[in-house]
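The values are calculated or read from the model by the stated rules, or taken from the named source; none is laboratory data. Not measured: the values here are computed from a predicted model. With ideal geometry, Cβ positions are generated from the backbone for all residues, glycine too; neighbour counts draw on all protein chains shown.
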Amino acid sequence: MEISTTTQNGVTVTSFSGSLDGGTVSDAQDKIMPLISSKISMVLDLKECKYVSSAGLRLLLLAAKQLSTQGGVLVLSGLSDEVKDVMEMTGFSNFFKMFDCVASAVEALAKEG
């Protein structure tokens with residue numbers, strides 16, 4: 001799994017490439033959690049992430065809750081059909097705002113901020 005982070009219009013954008021599963025979630029957590037700070041807006045770009053396991057879902061939920069307790073917000077973008085299906089089946093789609101692309105997610109977050 002490759003993970004990269006940029007900032008666009010004051011929004012932290014973290015992009016994943018590969019699978020977010022039991023074998024990669026520890027590394028992903030080590031890279032994401034230090035980015036979480038008070039009142040930040042974060043987009044997790046999953047456009048190049050083709051698979052998310054239950055361990056990956058736990059990480060997404062952990063990051064969202066951590067941000068929420070600090071007055072921040074986490075949204076998802078670029079979900080493949082497979083990942084969208086997993087989000088729907090598990091009910092996680094009720095917890096996250098999801099956008100088709102990073103640009104629309106950043107635009108929405110910039111308007112909120």
Q: Being touching a Ser or Thr at 6+ places or on another chain (Cβ under 7 Å) and among the polar types (S, T, N, Q) is the filter; apply it to the range 10-40 and report the residue that is surrounded by the most Cβ atoms within 10 Å (Cβ to Cβ).
A: T12
Q: Just name the residue that is farthest from K65 (Cα to Cα) out of those in the range 5-36 that are of a type outside the set (A, V, I, L, M, F, W, C), in contact with a Leu (Cβ under 7 Å, 6 or more places away or on another chain) and not in a helix (DSSP H, G or I).
A: T5
Q) Checking V75 against (1) touching a residue at least 60 places away in the same chain (Cβ under 8 Å); (2) farther than 19 Å from E2 by Cβ; (3) part of a strand (DSSP E or B), which single condition isn't satisfied? A) (1)
Q: Run V106 past the list (1) modelled with pLDDT under 95; (2) of a type outside the set (D, E, K, R); (3) in a helix (DSSP H, G or I); (4) within 13 Å of the chain's Cα centre (by Cα) and report the number of the one that doesn't hold.
A: (1)
